[in-house]
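K.L.:
Following this message is one structure expressed as structure tokens.
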Amino acid sequence: MLESLLHRFRAHRAVVGVIGMGYVGLPLVLRFAEAGFKVIGFDSEEEKVRALNTGKSYIRHCPSESIGRVLASGRFAATTTLERVPECDALLICLPTPLSPQREPDLSYVVRMAEALVEHLRAGQLVVLESTTYPGATNDVLRPVLARSGLVMGRELFLAFCPEREDPGSEAFTADEIPRVVGGVDEASGDLAEALYQQIVSRTVRVRDARTAEAVKLTENIFRAVNIALVNELKLIYSRLGIDIWEVIEAARTKPFGYMPFYPGPGIGGHCIPIDPFYLTWKAREVDLSTRFIELAGEINRAMPGQIVQVVQETLNERGRPLKDARIVILGLAYKPDVDDLRESPALVILEELLRRGARVDYHDPFIAEIPPTRRHKALTALRSLAWEEVLGGNHDLAVIATGHGKVDYAALCRALPLVIDTVNICRSIAPDNVIYA
Ligand SMILES: NC(=O)c1ccc[n+]([C@@H]2O[C@H](COP(=O)([O-])OP(=O)(O)OC[C@H]3O[C@@H](n4cnc5c(N)ncnc54)[C@H](O)[C@@H]3O)[C@@H](O)[C@H]2O)c1
């Protein structure tokens, strides 16, 4: 069984099922379909499935043309039910793994899916979890649920963890250039998962088991969270000392060893960096340990939006203007440049806090026409992006650049508005004198 599955993977004759057609799942569909595999996409949202089956994308970096192409090739179809699971040789789970309101890992999407899969699984299938989770989750949580199928793990059914490593919005690397880390719950599962991913990336990194692969993913994201917190703290200190943090970083990064640049900003966002580290915090408690670096980094990063609001208030105050009724426009709501994703975006916190303090706030984001419902910012639902012409209309007292999108004309912004607070250093090359770097 193992040999025939290996052969199907290597010959690109396998059928790959991708469960969850979101930011992780949809690019994965394209990778496998473009490599010649037949791919079935599973998602519970009918609207998404309908869009995909008519060649329409809802994710900016997965163009509709690419979806149209794989549809036309007959190698891709999406569905809302699990009836086609038996057709798949591999099932890649790309479902959300959020934190609960008590900041504990919420694996309910993954567990409920595993429970539903049990009825449809057959001998000779590989299941891979791609969703971020804590060390041990694939083996200790997913494996016992899948075992209810009666299939023998490692002989009839195979299970591995292979974390997604995408850098949304960045064109620095193509997807096949980013190595994939793979770990199985047993040797055979690891072999199979490695063979499968070798077909879509130029390098796989095999680790001894799924737990290690899970720890790799968390380590990468904790590293980012902690280093971003460090530069955010340095920014506050240097700013008080009259030293420009951006100039410091540019100079420090010329050291060819022992230093890697991270940049300050208005806080951290996205589905990963603000959330994943706390998966380890929760797991560490099980062994009576605390994750002090993670907690401290979280505290510093979460304080950043408030610090920007403080700068806005002080800047207006110094010019004899109260924050109340001040007209402010926020540039960039997405959590990072050139993406249409505003999950956990610190810009939302800034927007909400400025409104709470009585300012009249608009936003402009070329990628986010309207704020969708969010769990934490219900009051902002349905707020619409101000047209660019209106931003330049001169009706605002101040702009706050929260995210620096490539296609926004910041020079025009600086000409049109009396004051600009730049939290991401994007106006530096334009060098107007009405910009405050916060
Ligand atoms: N977005 C990233 O850049 C990124 C990077 C690395 C890792 N991850 C991890 O990957 C996982 C998925 O993240 P994402 O950003 O793709 O999430 P997402 O919310 O964009 O996508 C999840 C998809 O699952 C679908 N879904 C929800 N419940 C379902 C169900 N019961 N059956 C079928 N489909 C269902 C949703 O409709 C959605 O399309 C998370 O664990 C995340 O931490 C994300």
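Only the coordinates and a few stated rules stand behind these numbers; no lab work does. Nothing here was measured: the structure is a model prediction, and the numbers come from that model. Please note: Cβ atoms are built from the backbone with ideal geometry, for glycine as well, and neighbour counts cover all protein chains shown.
K.L.:
Starting from the Cα gyration tensor of the stretch 2-208, take the square roots of the eigenvalues, sort them a ≥ b ≥ c, and report rounded, prolate or oblate (rounded when a/c is under 1.5, otherwise prolate if a/b is larger than b/c, else oblate).
P.N.:
Rounded, since a/c falls under 1.5.
K.L.:
Using amide H atoms built 1.01 Å from N in the peptide plane, name the residues 5+ places from residue 18, or on other chains, whose amide H lies under 5 Å from its own.
P.N.:
Here the answer is 40, 41, 42, 92, since their amide H atoms fall under 5 Å of that of residue 18.
K.L.:
Still on this structure, please answer the following. So for 353, 45, 194, fewest C-beta neighbours within 10 Å to most, what's the order?
P.N.:
Taking fewest neighbouring Cβ atoms as first place, the list is 45, 353, 194.
K.L.:
Taking chymotrypsin sites (Phe, Trp or Tyr not before Pro) as exposed when DSSP calls them loop (any state but H, G, I, E, B) and at most 16 other Cβ atoms lie within 10 Å, what is the longest stretch of the chain free of them, the sites themselves excluded?
P.N.:
Here the longest run is 260-438.
K.L.:
Then there is this: Counting only residues 5 or more places away or on other chains, whose amide H sits under 5 Å from the amide H of residue 399 once H atoms are built in the peptide plane?
P.N.:
329, 419, 420, 421
K.L.:
Which percent, nearest 5, of DSSP beta bridges in the chain are antiparallel?
P.N.:
10 percent
K.L.:
Using the Karplus curve 6.51 cos²θ - 1.76 cosθ + 1.60 with θ = phi - 60°, what ³J(HN,Hα) values do you get for each residue of the stretch 421-438, in whole Hz, with x for Gly and Pro?
P.N.:
Taking θ as phi minus 60°, the curve returns 9, 9, 8, 10, 6, 7, 8, 4, 6, 7, 6, x, 8, 9, 9, 10, 8, 10 Hz for the stretch 421-438.
K.L.:
Testing the spin-label approximation: label points 7 Å from Cα along Cα→Cβ at residue 392 and residue 45. State their distance in nm.
P.N.:
The two pseudo-label positions are separated by 3.3 nm.
K.L.:
Next up: Taking θ as phi - 60°, what are the ³J(HN,Hα) couplings along the stretch 382-399 by the Karplus curve (6.51, -1.76, 1.60), each to the nearest whole Hz, with x for Gly and Pro?
P.N.:
So the Karplus estimates, Gly and Pro as x, are 6, 5, 10, 5, 6, 4, 4, 4, 6, 4, 7, x, x, 8, 10, 7, 6, 10 Hz.
K.L.:
Follow-up. Once you've got the Cα coordinates, tell me which of 324/407; 235/378; 235/336 are over 27 Å apart.
P.N.:
324/407; 235/378
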